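This report concerns only the one structure given below.
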Amino acid sequence: MFEQLNQLLAQNDIFTHSTLAHYWGGFVVTIQLVFLALIIGAIIALPLGILRTSKNPWISKPIWLYVYIFRGTPLIVQLFLIYYGTAQIDSIKDTWLWDNILSEAFYPCLIAFVLNTAAYTTEIIKGAIDNTPAGEIEAAKAYGMSWAKRMHRIILPSAFRRALPAYANEVIFMLHASAIASVVTIVDLTGAARDIYSRYYAPFDAFLFVAAIYLCITFTLIFGFRHLENKLLAHLKPLS
Amino acid sequence: MKKLIIAISCILAFTASSLQAKDWKEVRIAVDIPYEPFEYKAPDGTLTGFEVDLGNAVCAEIGAKCEWIPQAWDGIIPGLLARKYDAIMSSMSITEERAKKVLFSEGYYNTPSGWFAKKGANLNTADKTVMKGKKVGVQRGTLQDNYVTEKLGDVIEVKRYTTADDLVLDLTGGRLDVVFLDYPVGEKTIITDSNYETVGDTIPVGDGIGVAFRKRDQELADKFNKALKKLKEDGTYDTIMKKYFSYNIKI
């Protein structure tokens, strides 16, 4: 197996051990960036999604505004504002925030991704909660359940199931959107491909290879979500 | 119907023949702007700079009309091969890898590269123990990128940027310790700010800058070479050079 690989690598100029290592480094960064952003984003989005359905405008309107802004502007603009914008403000640069977090390219990028995916996920959760059949809520109320108990037992479990297909889409979009991390010097998968392209002037080889890796990650994600949907949404399937 | 077919084939035949007989009355040249002082927009919006002036002089010499086409660096070679323009005069260094894809003219200038950092950084860029862990900015895929990666790649963190603008922004923003750039570019963009300085001596990198053509356009390359040689000899080159530089970049 390794011998065959070595033979294959010896035959071309571009996919050498060092470039493959470069791609691997990019792969690790992309996975870290996307999954950290998704996990933190989901943790933020859950309370926001619930509060967004609140009838009190002082609670729901600010969240609406946040979602509106982050869904209404391109991710790359948000990234530029957070990455280059913060570097221009001297009062930020004197604090620990700059030394520990913002001076590395990784964290401004992660912040932009988290804020962006949290906005989309908030809207997905809000939509799923809104679509809870009124009869279920009325029944829960008739049993004397409090708001918290209704959320915990009735609304959220069914809302999660309804949100799952839309959230699977968001995960895949996030993976693909992460490609813009390469514009702020992060060597993610796309950044690695750009480095290799500019070193060998071989756009097809460099980018086709990286496209294939993205496809593999996407298929793995789709497979995982399909499995999860089959399990959680089994009761919605036709019997035969 | 028959007449129509004849008419169409006539038109096709004419256009085909006019495409083949390329006499280079018009040359489209790609530039990546801004790259001061080689190519940039003057305050009134006109394209100017050393390479633009030199290119226009070459075109006048070979009796062609120059059209300048702005093109981002990343796609500049694919654009040439896709015939979006006929030549690249955008400070492209002659390298072995590039020569596999394009045809280079004789070199028409060479500038040294230089290190730039904030004043008081106290760096010795040749000393690996001093440079250990430093963040060094370069433009992706340039000679400076190759140089830094080869010499110091194992101890420093190389940050690669698409444009010099982003690079300078991150140096002044404080994300980079030092950058390695074409000296004239750093001179115009970085040390204009008195908080920044050059570190150490300038370093000559590479075989100079050439005009890039498609491999099959040998005839056009010959014309350019002849014109460049003449301009270098009759003093036109020196006049243009003195307009932009206080030192010699002629090769």
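DSSP bridge analysis restricted to chain B gives an antiparallel fraction near 55%, rounded to the nearest 5. Projecting the Cα atoms of A:P57, A:Y167, A:T190 onto the charge dipole of the stretch A:23-234 (Cβ charges, centred on the Cα centre) puts A:P57 farthest toward the positive pole. Cross-link reach is defined here as a Cα-Cα straight distance under 20 Å, omitting same-chain residues fewer than 8 places apart; for B:K188 the lysines meeting it are B:K41, B:K118, B:K119, B:K242, B:K243, B:K250.
Top mean-square fluctuation among B:P70, B:P78, B:P43, Gaussian network model of chain B, C-alpha springs under 10 Å? Judging by the Gaussian network model, the answer is B:P43.
With +1 on the Cβ of every Lys and Arg and -1 on the Cβ of every Asp and Glu, and nothing else charged, how large is the dipole of chain A about its Cα centre, in debye rounded to the nearest 20?
Taking the Cα centre of chain A as origin, the dipole is about 1300 debye.
Charge tally around A:R199: other residues with Cβ under 14 Å, Lys/Arg +1 each, Asp/Glu -1 each, net -2. Please check: in the Gaussian network model of chain A (C-alpha springs, under 10 Å), which one of A:T122, A:T132, A:T53 has the largest mean-square fluctuation. Between A:T122, A:T132, A:T53, it is A:T132 that shows the largest mean-square fluctuation. When chain B is modelled as a GNM with alpha-carbon springs shorter than 10 Å, which of B:I191, B:I94, B:I77 fluctuates the most? Taking springs between Cα atoms under 10 Å, the residue moving most is B:I191.
What net charge is computed for the residues neighbouring B:V178, neighbours being all others with C-beta under 10 Å from the C-beta of B:V178, Lys and Arg scored +1, Asp and Glu -1? Net charge around B:V178: +2.
Interface residues of the stretch A:184-217, defined as those losing at least 30 Å² of solvent-accessible heavy-atom surface relative to the isolated chain (probe radius 1.4 Å), are listed as A:T185, A:R194, A:D195, A:Y197, A:S198, A:R199, A:Y201. Close amide-amide hydrogen proximity is noted between B:Q139 and B:D145, B:Y161, each under 5 Å apart and 5 or more residues distant or on a separate chain (H modeled in the peptide plane; Pro and chain starts excluded). Assuming charge only on the beta carbon of Lys and Arg (+1) and of Asp and Glu (-1), the dipole of the protein assembly as shown about its Cα centre is about 2040 debye to the nearest 20.
Take A:F223: with every protein chain present and a 1.4 Å probe, its accessible area is about 150 Å². Could you tell me which residue out of A:F35, A:P203, A:I222 lies farthest along the dipole of chain A toward its positive end? Charges go on the beta carbon: Lys and Arg +1, Asp and Glu -1, centred on the Cα centre. So the residue furthest toward the plus end is A:I222. The residues packed around A:I125, meaning those with a beta-carbon under 11 Å from its beta-carbon, carry a net charge of 0 if Lys and Arg are +1 and Asp and Glu are -1.
Nonpolar atom fraction for chain A, defined as the carbon and sulfur part of the 1.4 Å probe accessible area, stands at 69 percent. Positive-end ranking of B:F50, B:I33, B:W73 along the dipole of the stretch B:22-171, with charges on Cβ about the Cα centre, is headed by B:W73. Note: relative contact order over the stretch A:23-234, using C-alpha pairs below 8 Å and six or more positions apart, is 28 percent. Amide H contacts under 5 Å for B:I69: B:I29, B:A30, B:V31, restricted to partners 5 or more places along the chain or on a different chain, H placed in the peptide plane at 1.01 Å from N. Taking the chain by itself as reference, the stretch B:100-144 contains these residues with an accessible-area loss of 30 Å² or more in the full protein complex (1.4 Å probe, heavy atoms): B:K101, B:K135, B:R140, B:G141. For the chain pair B and A, buried accessible area totals roughly 2000 Å², probe 1.4 Å, rounded to the nearest 100. Here the Karplus curve 6.51 cos²θ - 1.76 cosθ + 1.60, taken at θ = phi - 60°, turns the phi angles of the stretch B:34-39 into couplings of x, 9, 5, x, 7, 8 Hz, with x standing for Gly and Pro. When a 1.4 Å probe is rolled over the protein heavy atoms, the share of accessible surface on chain B that falls to carbon and sulfur comes to 53 percent. For the stretch A:92-195, rounded, prolate or oblate, judged on the Cα gyration tensor with a ≥ b ≥ c (square roots of eigenvalues), a/c < 1.5 rounded, else prolate if a/b > b/c? Note, shape of the stretch A:92-195 comes out oblate. Rolling a 1.4 Å probe across the protein heavy atoms gives the stretch A:23-234 an accessible surface of 51 Å² per residue.
Across the protein chains, with a 1.4 Å probe defining accessible surface, the residues B:C66, A:C109 rank B:C66, A:C109 from largest area downward.
When the other protein chains are added to the chain by itself, burial of at least 20 square angstrom of heavy-atom accessible area (probe 1.4 Å, ligands and nucleic acids ignored) affects these residues of the stretch A:73-112: A:Y83, A:Y84, A:A87, A:Q88, A:K93, A:W98, A:S103, A:E104.
The values are calculated or read from the model by the stated rules, or taken from the named source; none is laboratory data. Bear in mind that the values here come from a model prediction, so they are computed numbers and not experimental data. A quick note on method: Cβ atoms are made from the backbone with ideal geometry, for glycine too, and the neighbour counts reach across all protein chains shown. Please note that ligands, DNA and RNA were not included when accessible areas were found on the heavy atoms of the full protein model with its side chains. Shrake-Rupley method; radii C 1.70, N 1.55, O 1.52, S 1.80 Å.
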